[in-house]
1. Run Leu76 past the list (1) more than 17 Å from the chain's Cα centre (by Cα); (2) touching a residue at least 40 places away in the same chain (Cβ under 8 Å) and report the number of the one that doesn't hold.
2. Test Gly281 against the criterion of being of a type in the set (Gly, Ala, Ser), over 30 Å from Gly83 (Cβ atoms), at pLDDT 95 or above and in a strand (DSSP E or B), and give yes or no.
3. What number of residues within the range 18-33 satisfy the criterion of being touching a Pro at 6+ places or on another chain (Cβ under 9 Å) and part of a strand (DSSP E or B)?
4. Got a number for residues in the range 102-158 being within 30 Å of Leu187 (Cα to Cα), among the small types (Gly, Ala, Ser) and buried (at least 19 other Cβ atoms within 10 Å of the Cβ)?
5. Kindly indicate whether any position in the range 68-79 is crowded, with 20+ Cβ neighbours inside 10 Å, modelled with pLDDT of 95 or more and of a type in the set (Phe, Trp, Tyr).
6. Select from the range 146-176 the residues that are out of contact with any His (no Cβ under 8 Å at 6 or more places or on another chain) and assigned to a strand (DSSP E or B) and write down the one among them that is farthest from Arg102 (Cα to Cα).
7. Kindly indicate whether any position in the range 252-273 is within 20 Å of the chain's Cα centre (by Cα) and either acidic (Asp, Glu) or farther than 30 Å from Pro145 by Cα (or both).
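The values are calculated or read from the model by the stated rules, or taken from the named source; none is laboratory data. Note that the coordinates shown come from a computational prediction; the quantities given were computed from them, not determined experimentally. Positions of Cβ are generated from backbone atoms using ideal geometry, with glycine treated the same way; all protein chains shown enter the neighbour counts.
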Amino acid sequence: MTTLFVKRLTVIDCSVLSPARGLIGESWQVDVELDGDLDYQGMVLDFGEVKKSIKHLIDGQFDHKLLVPADYPGLLVAEYREGLHLSFTLQDGRDIEHRSPRDAVRLIPCERIAADRLAQIVTDYLSPQTPDNVSAIRVRLWPEPIDGAFYQYSHGLRHHDGNCQRIAHGHRSRIEILRNGQRDLQLEEQWADSWADVYIGSRADLIGTSRRDGVEYCEFGYRSSQGSFGLTLPKIGCYLIDNDSTVENIAQHIADQLKAEHPNDRFKVYAFEGVDKGAIGLA
């Protein structure tokens, strides 16, 4: 018996519905171990095949989706012609509603989604799809270690050709701000704090606002190539920008806001989108 391992095979960028926190953007790095007998090549499984097939299976089923705790008592799921309609009541009584094609949602059999539980779900999904010589597979999910400011955001990109068009997917992201060529840790923390568990929406996608039981809500919606999407969530957790919430526009938006507040200073903003990728805004 031999064990093959791949560190950081992929990153699951997704959003999670949390009973306590609401809509949360997450980025989980994925490690995989495979136990098995050596094949005729002297391998458990070719690394190229692991990166192609195992990564493809994980990305297709869990990445860029809204992950929902199916056993949470505050969840109602209804099917409609184009997909699923979710109603999710938080522990504090506020509500989140989500409409989308079925492929944009993954129901997870638990009351609260955590990395270890999701890792077991991924393992159970992969196990029957490995070659016969692979006797066991183990999956570990872990967040990027971040020594500094970060925020967790969700968004949807109406005009994207791929899965980023799904209205509620997200990322756990670092932020670095250079002010006149020097890191400004205080500004980084300010932006990270203000964008904790935020939904960054485009003004063009905002359908309207409403008030129920003393809570203000924002309703977003659009139709894109994968179908019709809708999201209603508490206004206090929403942040609107004038264009699509791509990481390029987010980086430039932060830089422009900082420049407006400090017109005599120069700013360079590194806005990350999950792990080790992002965009730079200059102002």
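1. With respect to (1) more than 17 Å from the chain's Cα centre (by Cα); (2) touching a residue at least 40 places away in the same chain (Cβ under 8 Å), Leu76 is out only on (2).
2. Working: of a type in the set (Gly, Ala, Ser): yes; over 30 Å from Gly83 (Cβ atoms): yes; at pLDDT 95 or above: yes; in a strand (DSSP E or B): yes.
Answer is yes for this residue.
3. Here is the first cut: in the range 18-33, the residues touching a Pro at 6+ places or on another chain (Cβ under 9 Å) are 18-19, 22, 26-29.
The next check asks that each one be part of a strand (DSSP E or B); those that pass are 18, 22, 26-29.
Final tally of qualifying residues: 6.
4. Residues meeting the conditions: 3.
5. Step one: of the range 68-79, the residues crowded, with 20+ Cβ neighbours inside 10 Å are 68-69.
Then keep just the ones that are modelled with pLDDT of 95 or more; that gives 68-69.
From the residues that got through so far, the ones that are of a type in the set (Phe, Trp, Tyr) too are none.
There is no residue in the range 68-79 that is crowded, with 20+ Cβ neighbours inside 10 Å, modelled with pLDDT of 95 or more and of a type in the set (Phe, Trp, Tyr).
6. Glu176
7. yes
For (1) of a type outside the set (Val, Ile, Thr); (2) closer than 19 Å to Arg223 by Cα; (3) at pLDDT below 95, each residue gets a yes or a no:
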| site | (1), (2), (3) |
| --- | --- |
| Ser127 | yes, no, yes |
| Trp142 | yes, no, no |
| Ile146 | no, no, no |
| Ala149 | yes, no, no |
| Cys164 | yes, yes, no |
| Asn180 | yes, no, no |
| Arg183 | yes, no, no |
